[in-house]
Amino acid sequence: MNTGLKNLESWKNLEKHFDEIKNVHIKTLFAEDKNRAKRFTLNETGIYFDFSKHRITGETLDLLFKLAEERGVEKRRLEMFAGEKINVTEERAVLHTALRAPKGSEIFVDGKNIVPDIHSVLDKMSAFADKIRNGKWKGYSGKPIKNIINIGIGGSDLGPVMAYEALKHYSDRLLNFRFVSNVDGSDLAEAINGIDAEETLFIVASKTFTTLETMTNAQSARKWILSKLTDTKAIAKHFVALSTNAAEVGKFGIDTENMFGFWDWVGGRYSMTSAIGLSTMIAIGPENYRLLLDGFHQMDEHFKNTPLRKNIPVIMALLGIWYNDFFKAETQAVFPYENYLKRFPAYLQQLTMESNGKQTTLGGQRVDYQTGAIYWGEPGTNGQHSFYQLVHQGTKLIPVDFIGFKESLNPLSAHQDYLIANMLAQGEALAFGKTEEQVRAEGVAPELIPHKVFDGNRPSSTFFLDVLTPDKLGKLVAMYEHSVYVQGLIWNINPFDQWGVELGKVLAKNIIPELQDKNTELRHDSSTNALIGFYRR
Ligand code: F6P
């Protein structure tokens, strides 16, 4: 089926251009242009973004920007900020950017300015976070809270856990944070192992408050609290909820006074700056949390107002299209050279893959091109001693995002120099490689030469920042959020729905009673029937 993307003049020109450039080596591109590094680097909002080590020329970028223009990116980015219902399959506005809009801004949904409500939730969160942090909020038996356990999954877990890890340096070390997501009982069991229920607060984070994993964990946590504190009045002191669904929160037994709300125009994977950020705020304090929001907002403004050619998320998105749709790269690696960002790739997996892992255009046609890449990664330098072999000498083309910081939050002798030297060396090795001649000149035995050759020509972006602060984290997350949206615009898909997660949920609901009642007749395929039989036995 022809969806029209491939008929665009810019797309056709990109195809022709791809044929001309596909075998050109990054080394040649650098040799031909002494100014290349400068030409393909931006320094915006405190992010030094070097995209010179890509298989692109000025012409490639011109054509990619033309594609963005033909797809209306300039105008359509504004539709998101204006609260238009761009999530067409769920008929919702997409306004995570409003969550970090400064007090006094005006953003309307169905005729109502939503900014005052956002700030009143933020104020309520701040007051609560302060009470936990200064010990004024007491558990049922009068002890202050020491343990905070966030129960949630997907966007209600990955943002909070990533942000907690990323900003641990700024967190109150007297508080102990744990995150429970998996319905596997071991997750909750380990989280409550060895801690005192009297000093424990559960944050039940769920946009819908119906998610099987979260509700199951929350019910078990409730039983655990009651097994220790016996009185149901204890629930009000040990449970708070983050949700859009007050009715379900009430049914669970959490006083809606202890609920922090948000709205249907916040998607799960875009929700870390909504009430879902409560655990982050308790950890780092309201002031640091405001800096985090400010960082997000600065990147929102950059994305919204900056011409495409100077726009970091737009360029990231277009480079992704270039590799995904023309070079047919299947994955995109993200390697943070900052240990605190160890959960960042996992966070990005939901953001990018639940958003752009789509096969249907906004108009309901099956796409006739590749959409979202597979995102993956681990912090450097750990990855270097694990899977980088494949990135350097394997048969697959893997574009890489390196993320590094000049300063360490824990300066220890030469550690930071070693860390950053490694990041820079990896980008250099991937791009420039090592030729047969170079290997031979080193006196390597002839039979080993082919094993020691590095072809290079492997692309990477480097994002270099000064030091990991709350606002820098905000900028980085918003940068990826917006690049996901731009890719969605180019592919004409909806990055804000997630129908693909539904079928498995429905089928699991059918299977649960079949596991519990051994006499139910099984009507699945023979493989599923046999597997259920094995479990039953
Ligand atoms: O299963 C997908 C999903 O809907 C995600 O989009 C979402 O982040 C997650 O489940 C959790 O949903 P909720 O916050 O409603 O529990």
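The values are calculated or read from the model by the stated rules, or taken from the named source; none is laboratory data. Given the structure is predicted, the values throughout are model-derived calculations rather than measurements. In this analysis, Cβ positions are derived from the backbone assuming ideal geometry, glycine residues included, and neighbour counts consider all displayed protein chains. Just so you know, the surface numbers come from the protein's heavy atoms only, side chains and all, with ligands and any DNA or RNA stripped out. Shrake-Rupley method; radii C 1.70, N 1.55, O 1.52, S 1.80 Å.
Couple of notes before you dig in:
- Matching residues, the range 111-145, being farther than 20 Å from Arg290 by Cβ, open to solvent by 40 Å² or more (accessible area, probe 1.4 Å) and of a type in the set (A, V, I, L, M, F, W, C): none
- Look at the range 512-537: where a residue is polar (S, T, N, Q) and a partner is part of a loop (DSSP other than H, G, I, E, B) and surrounded by 10 or more Cβ atoms within 10 Å (Cβ to Cβ), sitting 6+ places away or on another chain with Cβ atoms under 9 Å, you get Thr528/Leu522; Asn529/Leu522.
- Residue check, Lys509 open to solvent by 50 Å² or more (accessible area, probe 1.4 Å), on the phi < 0 side of the Ramachandran plot and within 13 Å of the ligand (Cβ to nearest atom): no
- Selection within the range 14-52 - open to solvent by 10 Å² or more (accessible area, probe 1.4 Å), among the basic types (Lys, Arg) and either under 24 Å from His302 (Cα atoms) or at pLDDT below 95 (or both): Lys38, Arg39
- Within the range 200-218, residues that are within 17 Å of Leu278 (Cβ to Cβ) and of a type in the set (S, T, N, Q) have Cβ atoms under 6 Å from residues that are near the ligand (Cβ under 9 Å from one of its atoms) and part of a strand (DSSP E or B) in these pairs: Ser206/Ser243, counting only partners at least 6 apart in sequence or on another chain.
- The residue pairs whose first member lies in the range 370-389 and is farther than 17 Å from Leu419 by Cα and touching a residue at least 60 places away in the same chain (Cβ under 8 Å), whose second member is open to solvent by less than 40 Å² (accessible area, probe 1.4 Å) and in a loop (DSSP other than H, G, I, E, B), and whose beta carbons are closer than 8 Å, counting only pairs six or more residues apart or on different chains, are Thr371/Lys358; Thr371/Ile493; Gly372/Lys358.
- Residue-level check: of (1) within 19 Å of the chain's Cα centre (by Cα); (2) over 22 Å from Glu502 (Cβ atoms), Ile254 misses just (1).
- For Arg343, the stated conditions do not hold, so it cannot be described as of a type outside the set (Gly, Ala, Ser), more than 20 Å from the chain's Cα centre (by Cα) and open to solvent by 40 Å² or more (accessible area, probe 1.4 Å).
- Answer residue from the range 87-110, given it is more than 23 Å from Lys475 (Cα to Cα) and not in a strand (DSSP E or B) and is least open to solvent (accessible area, probe 1.4 Å) among those: Glu90
- Helices (runs of 4 or more DSSP H) fully within the range 146-231 counting 2 or more residues that are of a type outside the set (Ser, Thr, Tyr), surrounded by fewer than 20 Cβ atoms within 10 Å (Cβ to Cβ) and within 16 Å of the ligand (Cβ to nearest atom): 212-229
- Any hit, the range 478-492, residues being assigned to a helix (DSSP H, G or I), open to solvent by 20 Å² or more (accessible area, probe 1.4 Å) and either among the polar types (S, T, N, Q) or modelled with pLDDT of 95 or more (or both): no
- Of the residues contained in the range 412-424, one or more are found to be within 25 Å of Thr28 (Cβ to Cβ), at pLDDT 95 or above and open to solvent by 40 Å² or more (accessible area, probe 1.4 Å).
- Top-ranked residue of the range 12-29 - restricted to ones that are touching a residue at least 40 places away in the same chain (Cβ under 8 Å) and of a type in the set (A, V, I, L, M, F, W, C), ranked as nearest to Glu428 (Cα to Cα): Ile26
- Residue count for the range 296-334, restricted to those that are open to solvent by less than 10 Å² (accessible area, probe 1.4 Å), within 16 Å of the chain's Cα centre (by Cα) and under 27 Å from Arg100 (Cα atoms): 6
- Check on Ile449, within 20 Å of the chain's Cα centre (by Cα) and either β-branched (Val, Ile, Thr) or open to solvent by 50 Å² or more (accessible area, probe 1.4 Å) (or both): no
The rows are residues; the columns are (1) within 16 Å of the ligand (Cβ to nearest atom); (2) at pLDDT below 95; (3) surrounded by 20 or more Cβ atoms within 10 Å (Cβ to Cβ); (4) basic (Lys, Arg).
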residue	(1), (2), (3), (4)
Ile235	no, no, no, no
His238	no, no, yes, no
Ala241	yes, no, yes, no
Asn245	yes, no, no, no
Val249	yes, no, yes, no
Asn258	no, no, no, no
Phe262	yes, no, yes, no
Trp265	yes, no, yes, no
Tyr270	yes, no, yes, no
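- Filtered residue count, the range 452-469, keeping only those that are part of a strand (DSSP E or B) and open to solvent by less than 30 Å² (accessible area, probe 1.4 Å): 5
- Hey, Leu397 closer than 27 Å to Leu476 by Cβ, out of contact with any Gly (no Cβ under 9 Å at 6 or more places or on another chain) and open to solvent by 80 Å² or more (accessible area, probe 1.4 Å) or not: no
- Selection from the range 34-76 of residues that are farther than 17 Å from Glu428 by Cβ, assigned to a loop (DSSP other than H, G, I, E, B) and touching a helix residue (DSSP H, G or I) at 6+ places or on another chain (Cβ under 8 Å): Thr45, Gly46, Ile56, Thr57, Arg71, Gly72
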